[in-house]
1. Go through segment 18-48 residue by residue and tally those that are part of a strand (DSSP E or B) and either farther than 17 Å from residue 150 by Cα or at pLDDT below 85 (or both).
2. Listed residues 201, 214; which is in contact (Cβ under 8 Å) with a residue 60 or more places away in the chain and assigned to a helix (DSSP H, G or I)?
3. Can you tell me how many residues in segment 152-166 are surrounded by fewer than 23 Cβ atoms within 10 Å (Cβ to Cβ) and in a strand (DSSP E or B)?
4. Which pairs turn up if I take residues in segment 16-40 that are open to solvent by less than 30 Å² (accessible area, probe 1.4 Å) and look for partners that are assigned to a loop (DSSP other than H, G, I, E, B) and acidic (Asp, Glu) with beta carbon separation below 7 Å, at least 6 apart in sequence or on another chain?
5. Which residues, taken from segment 200-239, are of a type in the set (S, T, N, Q) and touching an Asp or Glu at 6+ places or on another chain (Cβ under 8 Å)?
6. Within segment 105-134, restricting attention to residues that are open to solvent by 10 Å² or more (accessible area, probe 1.4 Å), in contact with a Ser or Thr (Cβ under 6 Å, 6 or more places away or on another chain) and within 19 Å of residue 181 (Cβ to Cβ), which residue is modelled with the lowest pLDDT?
7. I need the full set of residues from segment 52-97 which are under 18 Å from the mean Cα position of the chain (by Cα), over 21 Å from residue 212 (Cβ atoms), in a strand (DSSP E or B) and at pLDDT 85 or above, in order please.
8. Within segment 241-347, considering only helices (runs of 4 or more DSSP H) that don't extend past its boundaries, which have at least 1 residues that are of a type outside the set (S, T, N, Q) and at pLDDT below 90?
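The values are calculated or read from the model by the stated rules, or taken from the named source; none is laboratory data. All figures in this text were calculated on a predicted structure; none of them were measured in a lab. Positions of Cβ are generated from backbone atoms using ideal geometry, with glycine treated the same way; all protein chains shown enter the neighbour counts. For accessibility, only protein heavy atoms count, side chains too; no ligands or nucleic acids. Shrake-Rupley method; radii C 1.70, N 1.55, O 1.52, S 1.80 Å.
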Amino acid sequence: MFGFLSKYFSNDLAIDLGTANTLIYVRGRSIVLDEPSVVAIRLEGGPNAKKTIQAVGKEAKEMLGKAPGTITVIRPMKDGVIADFTVTEQMLKQFIKKVHDSKLFSPSPRIIICVPSGSTQVERRAIRESALGAGASQVYLIEEPMAAAIGAGLPVADATGSMVVDIGGGTTEVGVISLGGMVYAGSVRVGGDKLDEAIINYISRNYGMMIGENTAENIKKSIGSAFPGAEVKEMEVSGINKAEGIPRKFTISSNEILEALTDPLNQVVSAVKSALEKTPPELGADIAEKGMVLTGGGALLRDLDRLLMEETGLPVIVADEPLTCVARGCGMALEKMDKLGSIFASD
């Protein structure tokens with residue numbers, strides 16, 4: 001009886017639990033939450049010392065690299081999978097609470113969660129368990145390239161090959177999809193985080209300056225590009241000089257960032273190439289005609305489509321609103337949950 005009632009009162013959710021951002025789609029509405037996957041935990045001193053959650057999401061992200069010793073800022077997702085189980089569960093709880101307005105019943109929704117196609121059974125189980133711990137009544141998993149393809153509006157159910165490259169914060173997923181199933185799925189652990197890391201290391205080597213993660217991300221968003229362009233952009237950056245130990249400002253150009261990003265971007269290109277090698281010829285013909293679709297936050301990097309176009313010789317299209325593609329695809333799968341069986345991933 002109560003099971004029936006709680007189903008009636010709680011909305012089903014689709015969650016894109018990403019390394020960088022978590023997005024939640026509520027059935028019948030749309031994407032209602034888009035926050036960074038960051039949690040700030042406060043250690044309370046005194047006789048009954050305990051850990052409490054200080055902040056999640058945007059608020060916690062602003063604390064990255066600025067928190068005192070009593071507050072630890074954690075990113076509980078690493079490379080698209082769970083690195084810190086309890087923290088992820090708490091983060092999901094907080095996010096689900098933000099989404100559900102009804103105070104009368106504690107929500108127990110059915111939840112669809114995206115998992116990287118290269119994740120192991122253990123990692124998938126961790127994701128499933130944390131969602132159940134956060135109050136889900138049932139959890140279904142869907143592979144990221146599949147969700148990204150549905151969100152980008154590709155004809156996944158037809159007998160044609162569709163190729164999707166989803167560049168997230170922790171992983172790059174390459175999928176070839178036909179007849180509602182994955183023909184090829186490849187996953188490399190290179191994403192937005194690795195690009196930021198490459199920028200930090202480059203500046204440390206060439207300028208002798210230390211910069212934080214947020215600064216590196218801002219550099220990437222402002223002047224980062226994947227292909228040599230006609231115009232050279234410059235940006236003033238502050239960091240700590242390693243030799244003097246004093247904060248200094250310096251100027252960096254987009255060509256230098258291009259050089260810094262070469263290595264991680266080459267890994268993305270080789271993942272795409274190996275996917276094309278392993279695609280059956282008939283589907284390869286479809287992809288040669290229609291090209292591949294870029295989704296995920298990494299697709300927003302300037303001229304990344306140019307780079308892939310030059311490297312593969314195929315048309316490359318950036319999806320509309322690439323950041324929310326996976327979450328929208330998850331949401332569409334949620335709306336048609338009872339009709340679509342083949343698209344969900346098994347444990």
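1. First, the residues of segment 18-48 that are part of a strand (DSSP E or B): 21-26, 31-36, 39-43.
Right, trim to either farther than 17 Å from residue 150 by Cα or at pLDDT below 85 (or both) and you get 21-22, 32-36, 39-43.
Residues that pass the stated criteria total 12.
2. Working: 201 fails: in contact (Cβ under 8 Å) with a residue 60 or more places away in the chain.
Just a single option satisfies the conditions, and that option is 214.
3. 0
4. 19/79
5. We begin by selecting, within segment 200-239, every residue of a type in the set (S, T, N, Q); these are 201, 204, 206, 214-215, 218, 222, 225, 238.
If the condition is that a residue be of a type in the set (S, T, N, Q) and touching an Asp or Glu at 6+ places or on another chain (Cβ under 8 Å), then 206, 225 are the ones that fit.
6. Among those residues, the one meeting the criterion is 118.
7. Hit for segment 52-97 is 82, nothing else.
8. Working: elements: 254-277, 281-290, 304-312, 325-335.
Per the criteria, 325-335.
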